[in-house]
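Everything below concerns the one structure shown next.
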Amino acid sequence: QRNVTCAAGKDATAEGREQDLSKYRNIGIMAHIDAGKTTTSERILYYTGKSYKIGEVHEGTATMDWMVQEQERGITITSAATTCQWNGHRINVIDTPGHVDFTLEVERALRVLDGAVAVFDAVSGVEPQSETVWRQADKYNVPRVCFVNKMDRLGANFFRTRDMVISNLGAKPLVLQVPIGSEDAFKGMVDLVKMKALVWSGEELGAKFDEVDIPADLVDLANEYREKLIDAVVELDDAVLEAYFEGTMPDNDTIKRLIRKGTIDRAFVPMVCGTAFKNKGVQPLLDAVVDYLPSPLDIPDVDGVAVDDAEQALTRPASDDAPFSALAFKIATDPFVGTLTFCRIYSGKLEAGTYALNANKGKKERIGRLMMMHANNREDIKAAYAGDIVAIGGLKEVITGETLCDEKNPIILERMDFPDPVIKIA
Ligand code: GDP
């Protein structure tokens, strides 16, 4: 039983967890370089309302300048994880480096996220590098939603990209949207669950959409893909399948529930489209993240081993009541705070000012400062809970891949088998 004790946006203090764990989405955005990962991430932060609102600056103007600079360079480059809010959900966007040289870093990031948005360029479709990251995500069983970006570009083609997802990635796409127009005439998309057209007005950051009837020339295509969608989801539930054979169409909530199930079980990969640059499609993409990607409760308990016996398997459930366990996945340096150790908390609760055991080194470390990173500010918090992504300030000896845990309940979370780093000879 989890408590939702205070409104989103307040700090998680004495009253406990501020948001229900089922409303967490720990996601990464993965893409071939240039497909639009940075733009998509920035738009996500914009829409989730935390970006471009510079406030709560504690360290004076220098911080402000640094943050403005950071924004110019793009949040995905400098922040290992950013916490934002969408429709009552906490979305932690975990940076997934996309460059092939950072294979090791990509694997570390993939290890701690529960789902991902794979961004493709609608003109070039699936590129060799997208394949590399896709295979890595396969290795960690990461459920995905595909976002076919740049629908406004000359030569953009949603269905060709869909075909490449089949042929080059061997995945089973599930088309959730049919684009309305393309290139300069890209207007929006037909939502195949609602069977409504989402049509944009306004440009860039002012873009907003209206839900209208499906344009007459797209009704046949929309019906065709709606049918494929229904065929794919009814298969996932015997009762729904039986009712369907008897002539009962599942309602939209059931369809959504089954899309979510199929995505999490990796029966298929939902595909949506848009243009991040012109800002058309990012809000429905956020809806898809919330509707179809898993919460920490939807994924298996994290695996680990006993500290003194690598053969003894242990697990930790995503619960505040379980012993504390967390994995350090990124060490960053912040000009004002010093060393930040980014951790994914898998179980239990961590309070600032207490001690945790570094299970790999057998050493206790003091948790000096506990922070949540937002697009424009870092928020000091008193406690963090199962499912949270936090930055710990002041740790001395923790390196990435190490486990922090409750001293009385030690565990080493399964280490990744890192491949040898790729050494390039010029
Ligand atoms: P990343 O390398 O994947 O992070 O890609 P970026 O987000 O930096 O985008 C690469 C380039 O594509 C930039 O020049 C963007 O302005 C541009 N871009 C991103 N999204 C879109 C889009 O939806 N349409 C168009 N036409 N250009 C885009």
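The values are calculated or read from the model by the stated rules, or taken from the named source; none is laboratory data. Computed from a prediction, not measured in an experiment: that's the story for all the values here. Glycine gets a Cβ as well: all are built from the backbone with ideal geometry, and neighbour counts include every protein chain shown. When the accessible area is computed, the model is the full protein with side chains, heavy atoms only, and any ligands, DNA or RNA have been set aside. Shrake-Rupley method; radii C 1.70, N 1.55, O 1.52, S 1.80 Å.
A few points about this structure:
- Scanning region 291-314 for residues that are open to solvent by 40 Å² or more (accessible area, probe 1.4 Å), modelled with pLDDT of 95 or more and under 17 Å from Gly28 (Cα atoms) returns Asp291, Asp298.
- Subset of region 207-266 (residues that are touching a strand residue (DSSP E or B) at 6+ places or on another chain (Cβ under 6 Å), open to solvent by less than 60 Å² (accessible area, probe 1.4 Å) and aromatic (Phe, Trp, Tyr)): Tyr225
- Residues within region 360-391 that are in a strand (DSSP E or B), under 23 Å from Gly115 (Cα atoms) and not aromatic (Phe, Trp, Tyr), tallied: 7
- Pairing residues of region 15-44 that are in a helix (DSSP H, G or I) with residues that are basic (Lys, Arg) and more than 8 Å from the ligand (Cβ to nearest atom), at Cβ distances under 9 Å and at least 6 apart in sequence or on separate chains, gives Leu21/Arg2; Ser22/Arg2; Lys23/Arg90; Thr38/Arg73.
- Among residues of region 369-393 being at pLDDT 90 or above and in contact with a Gly (Cβ under 8 Å, 6 or more places away or on another chain), the one that is nearest to Asn358 (Cα to Cα) is Ile392.
- Filtered by the rule that a residue be of a type in the set (Asp, Glu) and in contact with a Pro (Cβ under 9 Å, 6 or more places away or on another chain), region 226-269 gives Asp237, Asp265.
- Matching residues, region 254-283, being part of a helix (DSSP H, G or I) and more than 25 Å from Asp138 (Cβ to Cβ): Thr254, Ile255, Val282, Gln283
- Scan region 169-190 for residues that are at negative phi, crowded, with 16+ Cβ neighbours inside 10 Å and either out of contact with any Asp or Glu (no Cβ under 7 Å at 6 or more places or on another chain) or modelled with pLDDT of 95 or more (or both) and the total you get is 14.
- The one condition in (1) exposed (fewer than 15 other Cβ atoms within 10 Å of the Cβ); (2) modelled with pLDDT of 95 or more that Val123 fails to fulfil: (1)
- Residue check for Ala322: touching a residue at least 60 places away in the same chain (Cβ under 8 Å), surrounded by 17 or more Cβ atoms within 10 Å (Cβ to Cβ) and assigned to a strand (DSSP E or B): no
- Region 218-253, residues that are of a type in the set (Val, Ile, Thr), in a helix (DSSP H, G or I) and farther than 19 Å from Val190 by Cβ: Val234, Val240
- When Ile180 is tested against the conditions (1) hydrophobic (A, V, I, L, M, F, W, C); (2) more than 16 Å from the ligand (Cβ to nearest atom); (3) out of contact with any Leu (no Cβ under 6 Å at 6 or more places or on another chain), the lone failure is (2).
- Total residues in region 346-403, condition of a type in the set (S, T, N, Q), touching a Ser or Thr at 6+ places or on another chain (Cβ under 7 Å) and open to solvent by 10 Å² or more (accessible area, probe 1.4 Å): 1
- Residue selected from region 268-283 under the condition open to solvent by 10 Å² or more (accessible area, probe 1.4 Å) and modelled with pLDDT under 95, by the criterion nearest to the ligand (Cβ to nearest atom): Phe277
- Residue match in region 148-165 (condition: under 30 Å from Leu104 (Cβ atoms), more than 16 Å from the ligand (Cβ to nearest atom), at pLDDT 95 or above and open to solvent by 10 Å² or more (accessible area, probe 1.4 Å)): yes
- Residues that are under 30 Å from Gln19 (Cβ atoms) and in a strand (DSSP E or B), drawn from region 300-318: Val302, Asp303, Gly304, Leu314, Thr315, Arg316
- In region 191-204, the residues that are on the phi > 0 side of the Ramachandran plot form Cβ pairs under 8 Å with partners that are in a helix (DSSP H, G or I) and open to solvent by 30 Å² or more (accessible area, probe 1.4 Å), at six or more places apart or across chains, as follows: Met195/Arg226.
- Scanning region 404-416 for residues that are open to solvent by 10 Å² or more (accessible area, probe 1.4 Å) and in a strand (DSSP E or B) yields one hit, Ile412.
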